[in-house]
Amino acid sequence: MLRSCAPRLRTLGALRGLTGGARPAVGDAGPALLIPQGFSANGVTGSIRLEIPSIRDWTESWSKEIRLLFDQFMKKCEDGSWKRVPSYRYISPQDSKPTKEEGQMSRARIFSRSYDDGLGFEFVMFHNDVEKRTVCFFQGGPHLQGPSGLLHGGALATMIDVTGGVTAVMTGEFVMTANLNINFKRPIPLGSVIVINSQIDKVEGRKFFVSCDVQSVDEKTLYSNATGLFISLDPEKK
Ligand SMILES: CCCCCCCC(=O)SCCNC(=O)CCNC(=O)[C@H](O)C(C)(C)COP(=O)(O)OP(=O)(O)OC[C@H]1O[C@@H](n2cnc3c(N)ncnc32)[C@H](O)[C@@H]1OP(=O)(O)O
C-alpha cells in the first residue's frame, strides 16, 4: 500500500512549489494537479485530481484579528522570507469507471477544509524555509464546539497535526503522522483566534521531529504544546 501511495505523496510534496507571496484576487481559481495514481477503498484508481480551491484572501466570517494577522504576514511574504501555504479541498478520483464506493470517494474532502465557510476550520498558514517553521492562524467555527462555548480538543489536535505535517512537508518529503503528543493546558474560547507555531526540531533519516505551541494572539496564554513525529514514506515498502 505504501508503495502505491508514493506517487501521490511526491506530488503533494510538490505543493511546496506552489507557494508564493503574490496576493491573488478574491475569487481567483487556484491551480489543479493531475496525479497519475490515486487510492480508493479498493486500491489504486486511474488518476486523481487535486484541486486547490479559489484562494480566498479572507472570508466574511474571519474576525478583524485574523485579517490583521493575515495582512501582516502577506507583507512578510514580499521579501520571500515567508511563503503562504496553499490550501486545497479535494482529492478526487478521475478517469476511472466509478464503483459505488468510488462514487462516495469522489465526494471526499480534506478533513480540515470540509466545513462550509465560517463553520469549521478557518485558517491560513505561512512557512519560513530558513527557520524551518510554520505559523498557523486559526479561528475555530461554531461546529467545532466541545464543552459549551469552547473549542473541541479533537479540532485542536487536527490543527496541530496539519500544521506540524505541513512544517515537515515544506521541509522535506511528504509525510504521514506516526505520533502526536498534546498537552491541553487551557481551554480555548470557541471563535477566538489562536496562533499555532510549529518547527522542526530534528530530522533523522525519514523521521521529522516537530514541536508546536498554541498561544493567544497576544502571546499571554499558552493553550497547548505538542510534539509530533512525521515519517516520510519508504518507496521500497509495500
Ligand atoms: C499537507 C500535509 C498535512 C498532513 C497532516 C495530516 C496527516 C495525517 O492525517 S496522516 C494519517 C494518520 N497517520 C497514519 O495513518 C499513519 C499510519 N502509519 C503508517 O502508515 C506507518 O506506520 C508509517 C508510514 C507512519 C511508518 O511506517 P514505515 O515507513 O514502515 O516506518 P518504519 O520503517 O516501521 O519506521 C521508520 C522509523 O520510524 C520509527 N517509528 C515508526 N512509527 C513510529 C511511532 N509511532 N513512534 C515512534 N517511532 C516510530 C521506527 O522505529 C523507525 O525508526 P528507525 O529508523 O530509527 O529504526
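Just so you know, all these numbers are worked out from the coordinates, no wet-lab data involved. Bear in mind the structure is a predicted one, so any value in this text is a computation, not a measurement. No Cβ is skipped: glycine too gets one built from the backbone with ideal geometry, and neighbour counts run over all protein chains shown.
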Packing-based ranking, highest mean first, of 123-133, 180-190 given that Cβ atoms within 10 Å are counted: 123-133, 180-190
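Shape verdict for segment 95-238, please, from the Cα gyration tensor: rounded (a/c under 1.5), prolate (a/b greater than b/c) or oblate. It would help to have the intermediate numbers written out before the result.
Values: a/c = 2.08, a/b = 1.12, b/c = 1.85.
Cα axes put segment 95-238 in the oblate bin.
For Asp218 and Ala157 in the same chain, what is the full-extension length gain: residue separation times 0.36 nm, less their Cα-Cα distance, in nm?
Length gained, Asp218 through Ala157: 19.8 nm.
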Amide H contacts under 5 Å for Gly191, placed H, 5+ residues apart: Gly140
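Going down the table (Lys76/Lys220; Lys132/Lys237; Lys185/Lys220; Lys132/Lys185), which pairs top 18 Å between alpha carbons?
Values: Lys76/Lys220 23 Å; Lys132/Lys237 28 Å; Lys185/Lys220 13 Å; Lys132/Lys185 25 Å.
Cα-Cα > 18 Å for Lys76/Lys220; Lys132/Lys237; Lys132/Lys185; rest within.
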Efficiency of FRET between Asp129 and Asn179 - r from beta-carbon atoms, R0 30 angstrom, step 0.05: 0.75
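With a cap of 10 neighbouring Cβ atoms within 10 Å, and only residues DSSP puts in a loop, list the GluC sites (Glu not before Pro) found in segment 170-238.
Working: sites: Glu173, Glu204, Glu219, Glu236; in loops: Glu173, Glu219, Glu236.
Those that pass, being in a loop and sparsely packed, are Glu219, Glu236.
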Three semi-axes of the equivalent ellipsoid, segment 115-181, Cα gyration tensor, whole Å, largest first: 25, 14, 9
